[in-house]
1. Compactness ratio of the stretch 165-239: Cα Rg over 2.2 N^0.38 Å, N = residue count?
2. Per q in 0.13, 0.18 1/Å, what log10 I(q)/I(0) does a Debye calculation on the alpha-carbon atoms of the stretch 424-561 return?
3. Please list, or write none, the aspartates and glutamates whose alpha carbon is within less than 18 Å of the alpha carbon of LYS373, excluding same-chain residues fewer than 8 places away.
4. Determine the percent antiparallel among the DSSP beta bridges restricted to the chain, to the nearest 5.
5. Helix 335-346 sits at what angle to the longest principal axis of the chain, using alpha carbons and giving 0 to 90 degrees rounded to 10?
6. Based on the mean of other Cβ atoms within 10 Å per residue, sort peptides 273-282, 58-67, 468-477 so the most packed one is first.
7. Stokes-Einstein diffusion coefficient for the chain at 25 °C in a medium of 0.890 mPa s, Rh from the Kirkwood formula over Cα pairs: what value in µm²/s?
8. Based on the mean of other Cβ atoms within 10 Å per residue, sort peptides 482-492, 403-413, 124-134 so the most packed one is first.
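Since every read-out is calculated from the coordinates, none of them should be taken as a lab result. Remember, predicted model here, so these are calculated numbers, not experimental data. Because the Cβ atoms are built from the backbone with ideal geometry, glycine has one as well, and the counts that use them run over all protein chains shown.
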Amino acid sequence: MAQEAIRRALQAVLAEMGAPVENIVLERPRDPTHGDLATNVAMTQARTLGRAPRAIAEEIARRLDLQAAGVTGVEVAGPGFLNFRLSHGSVASALPGILEADPSYGRSGTGAGESVIVEWVSANPTGPLHPGHGRQAALGDAISTLLEWTGWKVHREYYYNDSGKQMENLAWSVWARYQQELGEAAEIPEGGYQGEYVREIARAYRDEAGDAFRADDSPAALDRMRAFAVRLLRAEQDRDLGDFRVRFDHYFLESSLYETGAVERTVERLRETGLVYEQDGATWLKTTEFGDDKDRVMLRSDGTATYFLPDVAYHMDKWDRGFHHAINVQGSDHHGTVARVRAGVQSLGVPAGYPEYVLHQMVRVEREGRELKFSKRAGSYLTLRELFEEVGVDVTRYFFLMRKPEGHLVFDLDVALDHSEKNPVYKIQYAHARMHAIFRKAGVEPLAIRPQDAPLARLSHELERDLVQRLADFPQLVEKSAELRAPHLVCDYLEQLAGAVNSWYHAGNPSRNPEMAVLVDDPGLRQARLVLSRSIQIVLRNGLNLLGITAPERMERDPDLEDEPSDAGS
């Protein structure tokens, strides 16, 4: 490919100059008038060669074998940048590799098969999932897929907080609604759950148990109701996530940490460190020794564990299972847990910075500029299922992913329900469907395209050169997105690529059949453009797949494709 040819030519020149370099960074200039690729290697070698960077750059430019590098020219700019202008053939040389890799294009082995555990959603089983959970679901799933694409062995885990005060409130809420179903007077306690779903659980429990627990508020009765409610709510959450195309390898229950004695063992291990002390009847850990802003209570004065203790036990369990790389995707409301959990595990010998956190802001759903909060079923909040059933899974996932996790997200239902290119999801999917329309019009199977039969250097139009270079950027984009845990970069890339594709598709031919601008009478140019169309298909499809979004071959409501048979859209 073009970049490798330039690197080899540069390495040869630098070796002759006494400055051998293994890794030369090439980037596309922000201003395309500066060329196709640029490097600052002259500046990085100034100390080695003992000369001014610009003088080094000028010598490199004089010595460089342009033909071997696949460039038509090299220019020195500023303090010592080298700007390269590629030949048409050099630009197009990226396309055969795209077609050869096909579904693997964009994959790499950066992770070298190392194991990483990604934990996300981990919502308390106290009610249906809301849009905030949905943003986290899409984010964790996309991060996991990006890591898989870059060579990591990913374990996807969901941690159920099925213990503690919130679960006690759930049990009492179900108990009160159950008593009401039996005609008894009962009120949901302060801090309880008011949604219609609690009545549904209570009715289901009545259908199963009859009136066996009328007026029975014993611990045993409440434990049964809690377990029943958790089972139903977990099943509902699993269905919602499954329909949202999110899967997990393992579901870890907080209660298991107590049942297996993991919490008690963690207390013992912490005591052995000499960092535990007693104060005001409670048991504390000196987390300030590891950067926390204050020491943390492990055990309350009544001997019960704080949230901090099972969190430490759980993360030590991750470490002991061999997951020495761990990523937690959580809401920004968990910001306060980061320092104390890290301090807790670090006190037990785990390296600093474990686990890694990706924190995201919540979601505000709006229609006509007004926030939507309430759900008939959940009461005080809109549910994730209500959202994706209204606008579709593809749109919902994309909207959750298209902004930086740390940025607030306004989910605009008016845009989400728009099936035009004003909706970024449809803009990308239309671009993909239009490439398939080209092949249907040509009567050619996309898989039959052979780049070696096409004169790819004929792709000389500036829109085509730009497209090919964008397609060649995709593997590097995947690497960067995985490294930064930033699926929004994939969204940005796909949207910009779709814009470039649509510009090329319509260029010079605003007729009802713009694909005819591709299917020209010139056999060589026609074949080269079919190779480009196939490459676009592959990259758009692979990018959408990274985000868990479908890449339809046909779309409804596309005025350019009205003469095409219509399949279901997204």
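1. 0.98
2. Each listed q maps to, in turn, -0.53, -1.01.
3. In chain and number order, the partners are GLU196, GLU386, GLU389, GLU390, ASP412, ASP414.
4. Antiparallel bridges make up about 50 percent of those DSSP assigns within the chain.
5. That works out to roughly 90 degrees.
6. Answer by packing, highest mean first, reads 468-477, 58-67, 273-282.
7. My calculation gives 89 µm²/s for D.
8. Result, highest mean first: 124-134, 482-492, 403-413.
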